[in-house]
1. Using 1/(1 + (r/R0)^6) with R0 = 35 angstrom and r between the beta carbons of GLN13 and GLN51, what's the FRET efficiency to the nearest 0.05?
2. Strictly greater than 21 Å: what percent of every Cα pair in segment 1-106 meets that?
3. Mind checking the dipole of segment 20-122: about its Cα centre, +1 per Lys or Arg Cβ, -1 per Asp or Glu Cβ, Debye to the nearest 20?
4. Taking only the Cα atoms of the chain, how large is their convex hull per residue, in Å³?
5. What share of all Cα pairs of segment 102-183, in percent, falls into each consecutive 10 Å distance bin?
6. Between GLU122 and LYS71, what is the spin-label point distance in nm, taking each point 7 Å from the Cα along the Cα→C-beta axis?
7. Pairs LYS11/LYS178; LYS114/LYS139; LYS71/LYS178; LYS38/LYS118; LYS117/LYS139; LYS140/LYS160: which exceed 31 Å Cα-Cα?
8. THR25: accessible area at probe 1.4 Å, nearest 10 Å²?
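The values are calculated or read from the model by the stated rules, or taken from the named source; none is laboratory data. All of these numbers come straight from a predicted model, not from anything done at the bench. Note: ideal-geometry Cβ built from the backbone for every residue, glycine included; neighbour counts use all protein chains shown. Just so you know, the surface numbers come from the protein's heavy atoms only, side chains and all, with ligands and any DNA or RNA stripped out. Shrake-Rupley method; radii C 1.70, N 1.55, O 1.52, S 1.80 Å.
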Amino acid sequence: MDARVKAYEDKMQKAFEFLLSDFQTIRAGRANPHVLDKIRVDYYGTPTPLQQVGNITVPEARMLQIAPWEKSLIKEIEKAIMASDVGITPSNDGAVIRLVFPELTEERRKELVKEVKKKGEESKVAIRNIRRDANDSFKKLAKTEVSEDEIKDLEDAVQKLTDRFMKDVDKAIEEKSKEILTV
């Protein structure tokens, strides 16, 4: 593969990987420690990822348990969870914090599927923008050292990449939607 095309493939791959990591933060009825990935705890004045201030476990299908490494952090962790968009009220027994995930209602599942589709569409737009940037840069090459046939080949290669990533995004949306709708 041409190095000029490879650079754009890498950008498309990053956009797709971002979508997948975003999907991990959407809860689908069972406890997933990744829903806490974006939460930052005030650790001695520094916003620190929750995973770095305690141990997160899944003792039951619909429960997360957070065991902070310092007992003094329990209040800070609870405050960070309450301020986040997780939508679950933490409870603690003085040593660990528990998050019990309620069963998702049909309405909430449909909302989550809409959110998944929206994020998927945003990812597709990002991939199309990368394709546009690639084609623009190839057109600039046409003014200098590259023949029109080579430009056409480069544009075709980027279009094939775009098509491949669009299929990947559609498949990821379908899988996540199915996971959410499965009771």
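1. Calculated value: 0.90.
2. Distances greater than 21 Å cover 43 percent of the Cα pairs.
3. On the way: 16 positive and 16 negative charges, 28 e Å.
Charge dipole of segment 20-122: 140 debye, to the nearest 20.
4. Values: hull volume 25.9 nm³, N = 183.
Roughly 141 Å³ of hull volume per residue.
5. Answer for segment 102-183: a P(r) of 17, 33, 21, 15, 9, 4, 0 percent.
6. 4.1
7. The answer is LYS114/LYS139; LYS71/LYS178; LYS117/LYS139.
8. Probe radius 1.4 Å; accessible area of THR25 about 30 Å².
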